Amino acid sequence: MTEQALRLGTRRSKLAMAQSGQVADAVGEVTGRPVELVEITTYGDTSREHLAQIGGTGVFVAALREALLRGEVDLAVHSLKDLPTTQPEELTLAAVPLREDPRDVLIARDGLAFADLPEGARVGTGSPRRMAQLNAYARDHGTRIETVPIRGNIDTRIGYVRKGELDAVVLAAAGLNRIGRTSEVTDFLSVDTVLPAPGQGALAVECRTAGNPADAALAAALAQLDDPFTRAAVTAERALLAALEAGCSAPVGALADLLNDGQIDKEMRLRGVVGTTDGSTLVQLSTTGPVPETHDQAMALGRELAAEMLAKGAAGLMGERAQ
């Protein structure tokens, strides 16, 4: 008798389906059970408002979580950067798999790199974080760009460039990698130029908190997909975001990475940035510490950097604050 399929909740977009399909294959391997995708429409998918206007926080997540709590799905896959920083007690983050490339990328007309964009180039992005850093970088290099707020899936965004409506768009490398479209990238933006969103490039596999033997067994199996360093890194990044009381649509960038001596990983470095969307003011700081071995150590690293950033005036630069 074939064991009952696990139901994996996912958003309907091409990217969400691709990354959820990859997770489904891995879940099937560790559980020995078939996995079927259950497509769920979220508020963020149907609203045509810009993310900064609708708050950003949780708009792609709430419907998936509600389906989990109602028992309509057994687990859900999220882009980790979309998750609110407060975790519901009824749900558990069972696995954070190995992170994809966290960088942002440019897709520009005529194969242009960011440094080669003409004066006044129109660059599309739905992210205040990207706007702040791109405008600051252009300003520092004696040029000017116009950042244009856009929404839509990857095809829609790239279409603005193909149709000549924009000179370039900025997207996440991870998404393009997962759907096999990295060849369209004209420039990979260094994290020294643009820090990614906290958790960018990482996925979150969520299930119900063990309330019965079936939930406990599933959570234990999913834990095999967890990458400890990725979890530590994104925990530090999200602790920074939470301590700044910033929503996931606020202009906050963060990235934790390893510093090593060529052989062993010695320390974790956490970098953070907050800025006004016109790029006129940025607070950008970093801190280093031992590679976290516990959740609390990773949280402490994020909170430490957030405190330093707040002392430098970060709170006044974020616009909306999370409620």
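Each value in this text was obtained by applying a stated rule to the coordinates, not by laboratory testing. Everything numeric in this text was worked out from a predicted model, so none of it was measured. Here Cβ is always computed from backbone atoms with ideal geometry, including for glycine, and neighbour counts include all displayed protein chains.
Normalising by the residue count of the chain, find the relative contact order in percent from Cα pairs under 8 Å and 6+ residues apart.
20 percent
Annotation: the antiparallel percentage among DSSP beta bridges lying fully within the chain is about 75. Amide H contacts under 5 Å for Lys266: Leu259, Asn260, Asp261, restricted to partners 5 or more places along the chain or on a different chain, H placed in the peptide plane at 1.01 Å from N.
Rg/Rh for the range 104-189 to two decimals, with Rh computed the Kirkwood way over all alpha-carbon pairs.
Working: Rg = 11.8 Å, Rh = 12.7 Å.
When Rh is taken as the Kirkwood radius, the ratio is 0.93.
Straight-line cross-link reach from Lys163 at under 14 Å between alpha-carbon atoms covers these aspartates and glutamates, not counting any fewer than eight positions away in the same chain: Asp110, Asp155. Out of every Cα pair in the range 232-315, what percent are spaced more than 14 Å from each other? The answer is 59 percent, as a whole percent.
Treat every Asp and Glu Cβ in the chain as -1 and every Lys and Arg Cβ as +1, leave all other atoms uncharged, and give the resulting dipole magnitude about the Cα centre to the nearest 20 debye.
The dipole magnitude comes to about 700 debye.
Set against the labelled values [x] 0.93; [y] 0.99; [z] 1.26, Cα Rg over 2.2 N^0.38 Å computed from this structure falls on [y]. Calculation over all alpha carbon pairs of the range 93-136 in 5 angstrom steps from 0 returns a P(r) of 5, 15, 24, 20, 13, 9, 6, 5, 3, 0 percent.
In the chain, helices alone account for a calculated mean residue ellipticity at 222 nm of -9500 deg cm²/dmol, with every DSSP H run of four or more residues adding -39,500 (n - 2.57). Computed extension gain for Glu267 through Ser286, at 0.36 nm per residue and net of the alpha carbon distance, reaches 5.6 nm.
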